[in-house]
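Each remark here refers to the structure printed beneath this line.
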Amino acid sequence: MLKITPIPALQDNYIWAIHGQSDTVVIVDPGEAEPVFAFLKQAGLKLTAILCTHRHHDHVGGIQELRGVYNVPVYGRRHPNNPHITHALQEGDQLLLQEIPAEFEIWELPGHLVDHIAFVTTGAVFSGDILFGAGCGKNFEGSPEQLCQSLQRLASLPDETLVYCAHEYTEYTLRFAAHSEPDNAAIKQRVAVTQALRATGHPTVPFTIALEKATNPFLRVDRPELIEKLEAHGLADDSPASVFAALLRWHDQFRLPRKPF
């Protein structure tokens, strides 16, 4: 059985360490190297591979330094602005890491960046910056419709699937979720649970697909209550793509301090 450990990094990033029964470990999205070095030393583990969901600096910033010590393969989607990838992956590839052991299916998930991928394995998905707790990544490249399709694809995973995203954003993103669906009991409960976790210094990640479908407005574009709210903000077309695009615009206009409730 896989053991997955969060390594806090930068301001609010999580670097994920995947290890099994051996003394080897695979690292996901190392935005900086020092926390990884400290983790490897403390845990007595040897780095054998790096997985990369996309090219943003807070996901790749530590790769060069790590590879200076551990000359390991870096698996990810090749892009001209990501020179770190040594083993290119694309949609539908199967990545077998015997040393863990673990096998991942590669999903291309555009909408945040064009080169964004997810690593999907039984019971878990490493979603990078596409899906956050109660939120989603910014639409920097590609269309809102592509981002919507990527999120809906993740939502098609089994409800019990654990989502390992790359940021501790849940406390902040729930503010918009609660604003968009004020009568949603599941959101209210998640707010309380999230507050308790963060008050004691515990991460809110991972979380299940089932929880996201119940509390993440970006996965709930078919909900009549949400559509009605968006119509008050100018929505004229209630197709999923249009509702999602309107939700993104509303979210971008939503301004609250990034602080707890």
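Rule-based calculations on the coordinates, nothing more; no lab input. Quick caveat: nothing in here was measured; it's all calculated off a predicted structure. Quick reminder, even Gly has a Cβ in these numbers, built from the backbone with ideal geometry, and neighbours come from all protein chains shown.
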Name the single residue that is surrounded by the fewest Cβ atoms within 10 Å (Cβ to Cβ) among those in region 159-184 being part of a loop (DSSP other than H, G, I, E, B) and touching a Gly at 6+ places or on another chain (Cβ under 8 Å).
E160
Listed residues G133, G92; which is among the small types (G, A, S) and in contact with a Ser or Thr (Cβ under 9 Å, 6 or more places away or on another chain)?
G133
Counted residues, region 197-244 - those being over 26 Å from E168 (Cα atoms) and among the polar types (S, T, N, Q)
2
Does H54 satisfy being in a loop (DSSP other than H, G, I, E, B), in contact (Cβ under 8 Å) with a residue 12 or more places away in the chain and under 29 Å from R153 (Cα atoms)?
yes
Would you check which residues across region 185-214 are in a helix (DSSP H, G or I) and hydroxyl-bearing (S, T, Y) and list them?
T194
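Every residue, every condition in (1) in contact (Cβ under 8 Å) with a residue 40 or more places away in the chain; (2) over 22 Å from I18 (Cβ atoms), yes or no:
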position: T161; (1), (2): yes, no
position: T173; (1), (2): yes, yes
position: A177; (1), (2): yes, yes
position: I209; (1), (2): yes, no
position: K213; (1), (2): yes, yes
position: D222; (1), (2): no, yes
position: K229; (1), (2): yes, yes
position: A236; (1), (2): no, yes
position: D252; (1), (2): no, yes
Pairs please, first residue from region 38-49 and farther than 13 Å from Y70 by Cα, second anywhere and assigned to a loop (DSSP other than H, G, I, E, B) and of a type outside the set (D, E), Cβ atoms under 8 Å, 6+ apart in sequence or on different chains.
F39/L45
Which residues, taken from region 66-83, are out of contact with any helix residue (DSSP H, G or I) (no Cβ under 8 Å at 6 or more places or on another chain), outside any loop (DSSP other than H, G, I, E, B) and surrounded by fewer than 22 Cβ atoms within 10 Å (Cβ to Cβ)?
R67, G68, H79
Can you pull out the residues in region 1-51 that are farther than 18 Å from H167 by Cβ, in a loop (DSSP other than H, G, I, E, B) and either within 21 Å of the chain's Cα centre (by Cα) or of a type in the set (S, T, N, Q) (or both)?
L2, Q21, S22, A33
For the structure I just gave you, tell me whether S150 is under 19 Å from D222 (Cβ atoms), free of Cβ contacts under 8 Å to residues at least 24 places away in the same chain and of a type in the set (S, T, Y).
no
